[in-house]
Amino acid sequence: MRLAIGPAVLGAALSSLLPACAQPPAATPAAFKSDPAAIVVIDAPSNLGLRPPAPGVEPGVRKLPEALRATGLLQRLRAHDGGRVDAPPYSPAADPAIGFRNGAALRDYSQTLADRLIPLLAQDRFVLVLGGDCSVLIGSGLALKQRGRYGLAFIDAHDDFSFIRDRRRYHGLLTAAGLDLGLATGHGPAALSDLRGRSPYFRTGDVVHLGLVVADQDRIDYEVESFEHSGIHAIDAEAIRRLGAERAGREARARLEAMPTDGYWIHLDADVLAERVMPAVDSPNPGGLDFDQLRAVLARLLASPKAVGMELTIFDPDLDPDGRLARRLADTVASAFEDSGRWPRQGAAATASSAPAR
């Protein structure tokens, strides 16, 4: 997602929040040993990386896991339930000490999330994280870095790397969901980018960015040249349309597989989809992909045995009152898993027939 600057909201923390949901028991390693194709789903309902959508309003992205689970996603994937990692309370206030809104809470939450992911990753099962906003990448990246060197397929309409040019003006109000890739590659305050001395969580040369759309205003407001000179390989939305989504996905996969890494992680921000098909995000993108293009790209990335996990972020159920978009997003993700050929296709749930992605 793009770093949403908007009007500064400097009030005190919200005085009342919805009660935290009880955490289901975490899935145990023994539960996976008999199933070599197991997918483990863990909820990370954090909205700490976003600005308030309006004064006194908390970002609704924290409801993403419940909305996706309600579609039957876990049943269709035959996934194990890995439980839930609840985030600290959201605050709209500035954090001048770290420079990012909710900076201290993000620092602590990212480490808690990493500690829950590490034992799941150690079982060599595919981990699917249901965010939350894009800042969950900090916790995922920390978990992976503690295990070794991993690549990253970053599917997002925004680069999430470039800082705003007027940093001083927005110090304390920067949003980690708009700079998660920058933080995860070692750019930004150590309290977020160097947890446990593990910076960078991903090397820039180990990242492939897919789906980028750069507006003219982005070049005025943000240091986009820092992304362009970062060493991150980008296959933008226009290139995906020009090459075809299947070919673009195969090219990204080949690059990620050729890296001297222990595997790669997939980050999927729902705003990579065009606003006309996915308006339920905080920063809608008119130039994005359609659902079929996303399905094709994602299937090719999931097909690789080097793909060890994925996170899904930014979809906001508050902007989807009838649940239609949640169902379409869940179907796209589940279809990509099925198309990949790594997981069995459910007969009743199968949509258009397709060969395993290669």
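The values are calculated or read from the model by the stated rules, or taken from the named source; none is laboratory data. Treat the numbers as computed from the prediction; the structure is a model and nothing was measured. Cβ: placed from backbone, ideal geometry, glycine included. Neighbour counts: every protein chain shown.
Of the residues making up the stretch 133-150, one or more are out of contact with any strand residue (DSSP E or B) (no Cβ under 6 Å at 6 or more places or on another chain) and over 25 Å from Leu298 (Cβ atoms).
Of the helices (runs of 4 or more DSSP H) lying entirely inside the stretch 185-239, those containing at least 1 residues that are modelled with pLDDT of 95 or more and surrounded by 18 or more Cβ atoms within 10 Å (Cβ to Cβ) span 190-193, 224-228. Mind counting the residues in the stretch 147-166 that are over 18 Å from the mean Cα position of the chain (by Cα), more than 19 Å from Leu212 (Cβ to Cβ) and in contact (Cβ under 8 Å) with a residue 60 or more places away in the chain? Counting residues in the stretch 147-166 that are over 18 Å from the mean Cα position of the chain (by Cα), more than 19 Å from Leu212 (Cβ to Cβ) and in contact (Cβ under 8 Å) with a residue 60 or more places away in the chain gives 3. Being under 18 Å from Arg62 (Cβ atoms), in contact with a helix residue (DSSP H, G or I) (Cβ under 7 Å, 6 or more places away or on another chain), at pLDDT 95 or above and not aromatic (Phe, Trp, Tyr) holds for only one residue in Ala252, Ala280, and it is Ala280.
If you go through the stretch 319-335 and keep only what is farther than 12 Å from Leu77 by Cα and more than 17 Å from the chain's Cα centre (by Cα), you end up with Leu319, Asp320, Pro321, Asp322, Gly323, Arg324, Leu325, Arg327, Arg328.
Return the residues of the stretch 275-326 that are basic (Lys, Arg) and either touching a residue at least 12 places away in the same chain (Cβ under 8 Å) or not in a loop (DSSP other than H, G, I, E, B) (or both); say none if nothing qualifies. Listed by number, the residues that qualify are Arg295, Arg300, Lys306, Arg324.
Can you pull out every residue in the stretch 245-258 that is closer than 25 Å to Pro286 by Cα and either without any contact (Cβ under 8 Å) to a residue 12 or more places away in the chain or among the hydrophobic types (A, V, I, L, M, F, W, C) (or both)? Across the stretch 245-258, the qualifying residues are Ala245, Arg247, Ala248, Ala252.
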